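The values are calculated or read from the model by the stated rules, or taken from the named source; none is laboratory data. In this text, all values refer to a predicted model and were calculated from it rather than measured experimentally. Here Cβ is always computed from backbone atoms with ideal geometry, including for glycine, and neighbour counts include all displayed protein chains. Quick note on the areas: whole protein, heavy atoms, side chains included, nothing else; ligands and nucleic acids left out. Shrake-Rupley method; radii C 1.70, N 1.55, O 1.52, S 1.80 Å.
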Amino acid sequence: SQQGEEDPQALSIQEGENATMNCSYKTSINNLQWYRQNSGRGLVHLILIRSNEREKHSGRLRVTLDTSKKSSSLLITASRAADTASYFCATYNAGNMLTFGGGTRLMVKP
Amino acid sequence: EPEVTQTPSHQVTQMGQEVILRCVPISNHLYFYWYRQILGQKVEFLVSFYNNEISEKSEIFDDQFSVERPDGSNFTLKIRSTKLEDSAMYFCASTSWTEAFFGQGTRLTVV
């Protein structure tokens, strides 16, 4: 079964706007991670939030985690055309299998 | 910055042929992974490898697939008899527990 599921599946915004992507997961986690994938390329780690953290910032990225709702959100502020990519959340299961959600395809129009 | 490298970047093979995809993980990492991504779809876990043996594998990773760490640096994925539906991007990743570092992938096209 899929551990992480993102919504929306696709998001189109104008440059300068904020983009919010959500992720839900099913089982207990130690941490949750967000990755970015440019079209046809490998995944790049963006940010990790531990289960005892509620919010974390990194540059224009803000991640929240609500373990009671088993959900996380990724906010990209002041988006740029270069932020156009797919964004995935990922969690480890007990056996160290890193499982990805279906991803959100973000398009930022200049 | 350390990186995971994969070769080849693109492989075209005939159905039924064997292919070997190669990866050089980051040297001090402990866990190694193979993932698959069919065009436009999600990133699917295939197998994880730790301490020279398979740690976990998914339903996709059937008897046609095998992994090996033949020396101290390379990590390979072998598909014994390729099928059309094996066409996908294959990503190798390594981790020392938290964030995973991914290679740029091998695009496998089975014709």
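Summary table
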| item | result |
| --- | --- |
| Net lengthening on full extension, B:Asn28/B:Asp71 (0.36 nm per residue, minus Cα-Cα) | 14.1 nm |
| Region B:26-111, accessible area per residue, ligands and nucleic acids excluded (1.4 Å, Å²) | 47 |
| Relative intensity, log₁₀ I(q)/I(0), of the protein assembly as shown from a Debye sum that treats every alpha carbon as a point, q = 0.12 Å⁻¹ | -0.64 |
| Once the Cα gyration tensor of chain B is diagonalised, semi-axes √(5λ) in Å | 22, 14, 13 |
| Peptide B:34-43 - average C-beta neighbours from other chains (10 Å radius) | 4 |
| Peptide-level mean, for A:36-49, of C-beta atoms on other protein chains within 10 Å | 4 |
| Protein heavy-atom accessible area occluded, A/B pair - total, 1.4 Å probe, Å² | 1700 |
| At 1.567 mPa s and 4 °C, Stokes diffusion of chain A via Kirkwood alpha-carbon radius, µm² per second | 94 |
| Proximal lysines relative to B:Lys78, as straight alpha-carbon distance under 16 Å, when same-chain residues fewer than 8 apart are discounted | B:Lys57 |
| Pair A:Val44, B:Arg80: separation of 7 Å Cα→Cβ label points (nm) | 3.9 |
| Sum of side-chain charges, A:Ser72 neighbourhood, beta-carbon under 12 Å (Lys, Arg +1; Asp, Glu -1) | 0 |
| Pair A:Asp7, A:Glu55: separation of 7 Å Cα→Cβ label points (nm) | 2.3 |
